[in-house]
Amino acid sequence: MKYPEFFDTIDTIKVVDPLANILGAFEKGIYEFNYLEIVKAAGHSCPTVAGAYITAYAGLKALYPNGPAVRGEIKVEFKESLEDGVAGVISNVISQITGATDKSGFKGLGGKFARHSLMHFDANISSAVRFTRVDNGKSVEVYYDPSLVGGSPKMQQLMQKMMGGMASEAEIKEFGELWQDRVKRIFDNMPSVVKVMI
């Protein structure tokens, strides 16, 4: 399996999952997500998938400054509707990391460990996403804006050729490399593209 090398340089997101511990999946319920795993689940790497990962990384780090986030005990609210824009893509990534789902998630064991109804859309918030700890009610809001990190001007021309079925294999490869170069630069410029409000 070959993929861009920068995937392996991105910080992982560490979590502790009480359900995983109870069911014997991971010792003490401790594990981590890396960007490559998220890309596999999404099927692609783009500014939106990268932004969802960055949003979760920054939000959970602020919400749990002294240790790993507790997966399954985080409420996630989105300003957009599920059907709007790329809200579905973003929510899928954040659901994978936090365990939060709307109605489709795990219903729990003996009244504990439920993950459904922890994700909400059309929330009355100013940011794109708000994360809230279930145990103490502490919240953080996260803003993500990749517009400061532009793509190569050549991408538009290559995209048109690909969509018209006229691009060569070399041009398709070049487009992918330019696309992933922008994703890499978004990660390289995280302080500029994400803001967390506590």
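The values are calculated or read from the model by the stated rules, or taken from the named source; none is laboratory data. For clarity, every value in this text was computed on a predicted model and none was experimentally measured. Using ideal geometry, Cβ is built from the backbone for each residue, glycine included, and neighbour counts are taken over all protein chains shown. Side chains included, ligands, DNA and RNA excluded: accessible areas come from the protein's heavy atoms. Shrake-Rupley method; radii C 1.70, N 1.55, O 1.52, S 1.80 Å.
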(request) Return the ratio Rg/(2.2 N^0.38 Å) for the stretch 141-198, where Rg is computed over Cα atoms only. (result) 1.43
(message) With a 1.4 Å probe and all protein chains left in place, how much of the accessible area of the stretch 1-113 comes from carbon and sulfur atoms, in whole percent?
(response) 53
(request) Taking the chain as the reference, fit the longest principal axis to its C-alpha atoms, fit the long axis of helix 154-163 to the helix C-alpha atoms, and give the angle between the two in degrees, 0 to 90, nearest 10. (result) 90
(request) Could you give the C-alpha radius of gyration of the stretch 43-82 expressed as a fraction of 2.2 N^0.38 Å, taking N as the number of residues it contains? (result) 1.33
(request) Please report how far the C-alpha centroid of the stretch 143-161 lies from that of the stretch 82-102, rounded to the nearest whole angstrom. (result) 23
(message) Students often get this wrong, so check it: of K103/K138; K112/K184; K2/K112; K79/K184; K2/K138, which have C-alpha atoms separated by over 31 Å?
(response) K112/K184; K2/K112; K2/K138
(request) Please report Rg over Rh for the chain, where both radii come from the alpha carbon positions and Rh follows the Kirkwood definition. (result) 1.01
(message) As an exercise, take the mean of 1/r over every pair of distinct alpha carbons in the stretch 53-150, invert it, and state the Kirkwood radius in angstroms.
(response) 13.7
(request) DSSP loop (so not H, G, I, E, B), at most 11 other Cβ within 10 Å: list which GluC sites (Glu not before Pro) in the stretch 73-104 pass both filters. (result) E83
(request) Would you look at the GNM of the chain, springs on alpha carbons closer than 10 Å, and say which of L158, L60, L178 moves the most? (result) L158
(message) What distance in nm lies between label points placed 7 Å from Cα along the C-beta direction at M162 and K195?
(response) 3.2
(message) Tell me the per residue accessible area of the stretch 41-198 using a 1.4 Å probe; a whole number in Å² is fine.
(response) 52
(message) For Cα pairs less than 8 Å apart in space and 6+ apart in sequence, what is the mean separation divided by the residue count of the chain, i.e. the relative contact order in percent?
(response) 22
(message) Tell me the mean residue ellipticity at 222 nm calculated for the chain from its helices only (DSSP H runs of n ≥ 4, each -39500 (n - 2.57), averaged over every residue, nearest 500).
(response) -11500 deg cm²/dmol
